[in-house]
1. Which of Ile121, Gln287, Ile189 sits farthest toward the positive end of the charge dipole of the chain, with +1 on the Cβ of Lys and Arg and -1 on the Cβ of Asp and Glu?
2. Can you work out the Karplus-derived ³J(HN,Hα) for every residue in the range 142-157? Use 6.51 cos²θ - 1.76 cosθ + 1.60 with θ = phi - 60°, whole Hz, and x for glycine or proline.
3. In straight Cα distance, which aspartates and glutamates are under 12 Å from Lys218, not counting same-chain residues fewer than 8 positions off?
4. Which one of Phe204, Gly32, Val366 is farthest out on the positive end of the charge dipole of the chain, using unit charges on Cβ (Lys, Arg +1; Asp, Glu -1) and the Cα centre as origin?
5. Give me the accessible area of Arg109, 1.4 Å probe, in Å² rounded to the nearest 10.
6. What ranking of Leu187, Leu154 comes out by heavy-atom accessible area, probe 1.4 Å, highest first?
7. In whole Hz, what ³J(HN,Hα) sequence does the range 444-456 give by Karplus (6.51, -1.76, 1.60; θ = phi - 60°), x for Gly and Pro?
8. Pairs to check: Lys335/Lys408; Lys145/Lys167; Lys194/Lys417; Lys118/Lys167; Lys45/Lys224. Give those whose C-alpha atoms are more than 29 Å from each other in this structure.
Amino acid sequence: RYLLEQDFPGMRIGPEPTTDSFIAVMQGDVEGIVPGNALVVDPKKPFRKLNAFGNAFLNRFVCAQLPNPVLESISVIDTPGILSGEKQRISRGYDFAAVLEWFAERVDRIILLFDAHKLDISDEFSEVIKALKNHEDKMRVVLNKADQIETQQLMRVYGALMWSLGKIVNTPEVIRVYIGSFWSHPLLIPDNRKLFEAEEQDLFRDIQSLPRNAALRKLNDLIKRARLAKVHAYIISSLKKEMPSMFGKDNKKKELVNNLGDIYARIEREHQISPGDFPNLRKMQDQLQAQDFSKFQPLKSKLLETVEDMLANDIAQLMVLVRQEESQRPTQMVKGGAFEGTLHGPFGHGYGEGAGEGIDDAEWVVARDKPMYDEIFYTLSPVDGKITGANAKKEMVRSKLPNTVLGKIWKLADIDKDGMLDDEEFALANHLIKVKLEGHELPNELPSHLLPPSKRKITE
């Protein structure tokens with residue numbers, strides 16, 4: 001709702017767990033809802049495989065269609081609120097974690113939402129996060145309603161959240177958490193307004209970059225699936241090979257299922273396959289119980305060679321083609337809705353701060369502190385109204401900024417590129433040092449409002 005800036009069909013927002021359905025929010029010419037059973041038979045929609053989860057799931061799956069500029073480049077799957085307690089989990093009637101896993105394999109970004117004042121990770125939520133294993137690179141966390149608690153409490157809540165997630169998400173990197181208040185009401189406690197703005201911009205940038213890399217991610221998924229299919233072929237053919245041709249099939253099958261871990265280890269050694277490419281052991285054992293091993297196919301080495309050739313050669317060529325195609329197309333970005341709100345004008349992130357200070361002032365902003373900078377300037381032995389780089393350096397290094405930063409400041413301040421600074425350029429250099437020391441980023445090019453008045457004709 002916050003991203004689209006308009007209501008969508010089937011939407012209900014409230015403090016209680018309101019959503020009991022999976023809602024696919026997609027672009028459509030006419031606003032309306034398509035129920036799950038109709039969705040899975042629609043050849044234009046990518047949901048046909050969800051048929052396997054049965055009616056209990058399909059009755060809880062809808063597609064909300066509406067015309068919205070945001071949905072022209074992304075679609076959003078809104079999942080049901082997570083329940084706590086055993087009773088509610090059983091009452092779903094379908095494998096909730098398996099459905100989430102199906103979606104996780106196909107989406108570009110997974111966003112886990114937490115309330116700042118309701119941090120408990122229930123058994124089902126823990127199960128859900130574990131079902132998203134192998135997709136940690138797609139996961140982001142949003143700590144919402146952060147304006148409802150004080151700064152000190154927020155710091156503790158953030159720490160508690162990271163600690164809880166650390167026990168469930170087993171990644172060497174820290175998962176990215178965005179803190180904010182993602183609705184259009186006034187902030188209850190506005191102390192952290194700047195933090196929320198910066199976090200929101202980071203999250204928006206992350207979402208906006210998704211269409212640009214979509215083709216590469218699909219290619220990445222293709223490679224992943226090809227490797228998994230290869231391992232699957234090795235496992236099935238090993239089981240087929242071990243089966244007796246006549247008697248004792250049932251006993252042998254039980255033995256093979258129980259010793260599946262040893263078969264994994266043997267395949268891993270024989271074919272130098274990474275242990276991470278094997279399917280989940282317990283899940284595989286459960287699925288094999290119902291299979292007839294005598295109907296399994298033997299290994300076709302020619303097909304495996306084709307897969308190997310595809311991974312070694314075809315993918316490399318595809319990679320080049322994808323890069324070429326992306327460079328020729330205009331940059332794809334998510335537009336509209338909340339993404340437009342702060343792009344331009346005085347409410348853009350960082351407008352009028354740091355290097356942007358004084359952007360709307362008639363006078364040169366550096367002139368406010370110029371008398372103070374002039375005093376220092378005239379102690380540095382200027383010749384013909386200019387000081388040398390060596391003399392300027394002595395003063396500039398007092399800021400304790402690293403040479404790389406001071407070098408950039410020098411480049412921005414030496415407007416006429418003569419290797420020396422006059423009083424205005426020296427004042428500008430000191431202003432940029434102040435900007436950096438206050439924690440703001442330096443611009444790559446000098447903004448027009450920072451140009452000294454006497455130099456404005458040079459650049460024009």
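1. So the residue we want is Gln287.
2. Calculated HN-Hα couplings, in order: 10, 9, 8, 6, 6, 7, 8, 10, 5, 4, 5, 5, 4, 4, 5, 4 Hz.
3. Glu105, Asp108
4. Working it through, the farthest residue towards the positive pole turns out to be Gly32.
5. 50
6. Leu187, Leu154
7. 6, 10, 5, x, 4, 6, 8, 5, x, x, 6, 9, 5
8. Correct reply: Lys335/Lys408; Lys194/Lys417.
The values are calculated or read from the model by the stated rules, or taken from the named source; none is laboratory data. Only a predicted model underlies this, so the values are computations on that prediction, with no experimental measurement involved. Virtual Cβ from ideal backbone geometry, glycine too; neighbours counted across all protein chains shown. With ligands, DNA and RNA removed, areas are computed over all heavy atoms of the protein, side chains included. Shrake-Rupley method; radii C 1.70, N 1.55, O 1.52, S 1.80 Å.
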